[in-house]
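Presented below is the structure to which this report refers.
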Amino acid sequence: MPNTRFQALRAVLNREIPDIKLPSSKISDYFGVNVFDKQKMKEFLSKDAYTVIIDSIDNGVPIPRDMAEQVASSMKSWAMGKGATHYTHWFQPLTGSTAEKHDAFFEPTADGGAIERFSGDALAQQEPDASSFPSGGIRNTFEARGYTAWDPSSPAFIIGRTLCIPTVFVSYTGEALDYKVPLLKALNALDKAAVDVCHYFDKSIEKVNASLGIEQEYFLVDTALFNARPDLSLTGRTLFGHISAKNQQLEDHYFGSIPSRVYAFMQDMETEALQLGIPLKTRHNEVAPSQFECAPIYEEINLAIDHNQLLMDIMDRVAQRHHFKVLLHEKPYAGINGSGKHNNWSLITNTGKNLLSPGKTPKNNLMFLTFFVNTIKAVHDHADLLRASIASVNNDHRLGANEAPPAIISIFLGSQLSELLDEIDTSRLSKKIKEENSLWQGIPKIPQILKDNTDRNRTSPFAFTGNKFELRAVGSSANSASPMTILNLIMADQLKKFKMDVDKLLKKGEKKDVALMTVIKRYIKESRNIRFEGNGYSEDWEKEAEARGLANIKTTPKALDAFISEKAEILFAETGVFTKREAHARHEILLDSFYKKLQIEARVIGELVMNIIIPAAIAYQSRLIENVRGLKDIGLDASTYEAQLDIINQIATHVNFIKTNVEQMINERKKANKIEDLRQRAIDYDEQVKSYFQPIRYHVDKLEQLVDDSLWPLPKFRELLFIK
Ligand code: ADP
Ligand code: MG
């Protein structure tokens, strides 16, 4: 019987490419058909109920009980009309994926019959027995109750035969157990702070929304090959594998023509996503072989994040139908690019103005400058928190690995804007304004069309790209709510401070424009050292950043400290986004999952090496030994089997090294497991246990190169990356 690798390869070669039929040639015909969106609400709800729910969506006004009853009933009618039999509260626990528990609409009646029912209560709140989700000690088992509560700002949708209702997830004691609650709080704080600042320029602005467009990178691999790699299927990444002779050197995959099988998958996946109202717009090949990207049009941020979470789920489901596995891991293959999730972020007012878009008039320019410089200042003051918000065991493979933005948070503005800020910084602007009593002559002109002039710098973790900032350091599997909660809350805090600073000057009798410009100028100076226009991957930058005093924390357990610092505690309290208990709980959950993931990887390494790799190497070695014996028997002299002896020896060396090191690694693991302090345990896993991974891998990969190809049991990189 051929080994699993060859069975898998045979399966891949027999794949057929399904013919994808689109529901219509026009996407607009089927966009959002599976969403209970505003249009459908209008159709299914009474006028009163519709007004109430729109007010809730737009302004967060709570929905009264009787209205919830009406909404539930209409939602049910709509959903049943589309074949739904069940409903679920859909939420985002701190495991990182989404959660759902389905209940049938069906309810027995007293007379032995049954009806289909969906009450306002069932819509508004549920109490899933969700005691197994991570809570960081917030829920003891004796008060394990957790509640999910409807988030009307994100519309309900149907997957399969289930109506899914986006909800928040909180503990019995009211603490957040999910990603959504803190995000919504941060957005609320941001809205208030931003509107206040907007009023310096335009009193008609009533609301500011953050917008987000998420570019999602991923790898595809055939299911059969995936299943033949226990490391991939258990940890999401390959723990061994010699780099393929050809990989991404020629850069011939990037933006190349999309392979047919992948194209079929993409169309199928996009159709489902579009029907769920996810406005997918862009698809292309990425840099690494078998790496791809998709991106939607940006949306209000809470919705954009729900959509991204949903998208990751859909990708996985649809891929199954195509015998593909989607790899969302940040670094599935050592030696080639990993995957990220660029978060394109800006602020947009209810009047439709993008606050990060330079305007036509000088007044608009000042408004732009205000929000632009405040963003820089916020990131400057809280770079450590932003860094913490993207930290994960997976992302540690990317950040600082000379391919993704480094672990040093810096901001790229492009030469035009960078020069502009320098000009303001060094000019005697405020004085000039005061003398001339006219601000507008003092403000340097900002060119309107920046986008095309913004030189691209892919090495920056946080880059301005014309009318938005792009946070590029987010990992491909992350829930964007984590960094976006931090970004929006530090921005909220910053804008509040800005307003206080400006008001102080106004009180002193300063003219408004002068006051604004004076504070902006000061912020530019104070945040100067986080701006960096050069190559973020270079060693020089690491040195320079160090000289500038910027943090460069390469690993998660230490990066996470920022989350429970005194500074963070004050910030969280002032913005009301996390209580101290919530922040500590999150810190604990993140550390816990960090070390557990390393623990799993270490175990998988141990098992694979002992049960699969070493036996394969020894089988080949035995063949060689037999061969040498045969050559000897027929009387040939030693020079004829020199090569064989050499390989036999090399195999012995590698096998010995691997076995000894696996044993040592297991010892380190045992020691680490005994450490009580969670942070220290995570650090030990990182520094003691993980340090064995690379050396063991090196020798396994050497064996891969030595052993007869027909005996090698694990699909090789060239197969994982190129065969589909
Ligand atoms: P780029 O090439 O600069 O990355 P794209 O046009 O490819 O820009 O857009 C990348 C993502 O940024 C898309 O999801 C897009 O919708 C989003 N985007 C564009 N403008 C904004 C904005 N004002 N706010 C948030 N996201 C935006
Ligand atoms: Mg981009």
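Apart from one condition, Gly536 fits all of (1) touching a Pro at 6+ places or on another chain (Cβ under 6 Å); (2) modelled with pLDDT of 95 or more; the exception is (2).
Selection of region 209-263 for residues being among the aliphatic types (A, V, I, L, M) and closer than 30 Å to Asn188 by Cβ yields Ala210, Leu212, Ile214. Among the residues of region 10-57, those identified as surrounded by 14 or more Cβ atoms within 10 Å (Cβ to Cβ) and of a type in the set (Asp, Glu) are Asp37, Asp55. Looking across region 529-553 at every residue that is basic (Lys, Arg) and touching a helix residue (DSSP H, G or I) at 6+ places or on another chain (Cβ under 7 Å), the one that is nearest to Ile424 (Cα to Cα) is identified as Arg531. Restricting attention to region 179-238 and to residues that are more than 16 Å from ligand 2 (Cβ to nearest atom) and of a type in the set (S, T, N, Q), the residue that is farthest from Lys724 (Cα to Cα) turns out to be Ser204.
Taken over region 567-617, the criterion of being under 30 Å from Ala193 (Cβ atoms), under 21 Å from the mean Cα position of the chain (by Cα) and free of Cβ contacts under 8 Å to residues at least 60 places away in the same chain is satisfied by Ala583 alone.
Each row is one residue, and each column tells you yes or no for (1) away from ligand 2 (no atom under 16 Å from the Cβ); (2) under 26 Å from the mean Cα position of the chain (by Cα); (3) farther than 24 Å from Cys294 by Cβ.
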position	(1), (2), (3)
Asn343	no, yes, no
Ile348	yes, yes, no
Asn364	yes, no, yes
Asn374	yes, yes, yes
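Within the group Ala638, Ala652, Ala672, Ala682, which residue is among the aliphatic types (A, V, I, L, M), outside the structural domain of Leu225 (by TED's automatic domain parsing) and more than 25 Å from Gly606 (Cβ to Cβ)? Testing whether each residue is among the aliphatic types (A, V, I, L, M), outside the structural domain of Leu225 (by TED's automatic domain parsing) and more than 25 Å from Gly606 (Cβ to Cβ) leaves just Ala638.
Taking the conditions (1) in contact with a strand residue (DSSP E or B) (Cβ under 9 Å, 6 or more places away or on another chain); (2) more than 13 Å from ligand 2 (Cβ to nearest atom); (3) under 22 Å from Lys567 (Cβ atoms) in turn, Leu471 satisfies each one other than (2).
For first residues located in region 293-304 and farther than 9 Å from Leu212 by Cβ, partners that are of a type in the set (A, V, I, L, M, F, W, C) and more than 8 Å from ligand 1 (Cβ to nearest atom) and lie 6+ apart or on another chain with Cβ distances below 6 Å form the pairs Cys294/Leu280; Pro296/Ile278; Pro296/Leu280. Can you confirm whether region 4-24 contains a residue that is of a type in the set (Val, Ile, Thr), over 29 Å from Ile278 (Cβ atoms) and in contact (Cβ under 8 Å) with a residue 24 or more places away in the chain? Among the residues of region 4-24, at least one is of a type in the set (Val, Ile, Thr), over 29 Å from Ile278 (Cβ atoms) and in contact (Cβ under 8 Å) with a residue 24 or more places away in the chain, which makes the answer yes. Checking each residue in region 326-371 for being basic (Lys, Arg) and surrounded by 21 or more Cβ atoms within 10 Å (Cβ to Cβ) picks out Lys331, Lys341. Of the residues that sit in region 105-125 and are surrounded by 14 or more Cβ atoms within 10 Å (Cβ to Cβ) and small (Gly, Ala, Ser), which one is farthest from the chain's Cα centre (by Cα)? Checking each candidate, the answer is Gly120. Of all residues in region 178-196, none satisfies being buried (at least 19 other Cβ atoms within 10 Å of the Cβ), small (Gly, Ala, Ser), under 20 Å from the mean Cα position of the chain (by Cα) and within 16 Å of ligand 1 (Cβ to nearest atom).
Considering only residues that are touching a helix residue (DSSP H, G or I) at 6+ places or on another chain (Cβ under 8 Å) and of a type in the set (Gly, Ala, Ser), look in region 275-306 and name the one that is surrounded by the fewest Cβ atoms within 10 Å (Cβ to Cβ). Going through the qualifying residues, I end up with Gly277. Taken together, Thr235, Thr223 contain a single residue that is surrounded by 21 or more Cβ atoms within 10 Å (Cβ to Cβ) and either out of contact with any Phe, Trp or Tyr (no Cβ under 9 Å at 6 or more places or on another chain) or within 23 Å of Pro713 (Cβ to Cβ) (or both), which is Thr235.
Checking each residue in region 198-245 for being more than 16 Å from ligand 1 (Cβ to nearest atom) and assigned to a strand (DSSP E or B) picks out Phe219, Leu220, Val221, Asp222. Here Thr167, Thr95, Thr162 are screened, and the one residue that is at pLDDT below 90 and among the β-branched types (Val, Ile, Thr) is Thr95. Give, as residue ranges, the strands (runs of 3 or more DSSP E) completely inside region 1-118 that count at least 1 residues that are within 30 Å of Phe594 (Cα to Cα). So the answer is 86-91, 99-104.
Only one residue in Ala104, Ala68 is assigned by TED's automatic domain parsing to the domain that holds Ile159, touching an Asp or Glu at 6+ places or on another chain (Cβ under 9 Å) and within 30 Å of Met315 (Cβ to Cβ), so which one is that? Break it down stepwise before answering.
Values: Ala68 fails: within 30 Å of Met315 (Cβ to Cβ).
None of the others qualify; the one that does is Ala104.
The values are calculated or read from the model by the stated rules, or taken from the named source; none is laboratory data. Fair warning: this is a prediction, and the values are worked out from it, not measured in the lab. Don't worry about glycine lacking a Cβ; one is built from the backbone with ideal geometry, like all the others, and counts go over all protein chains shown.
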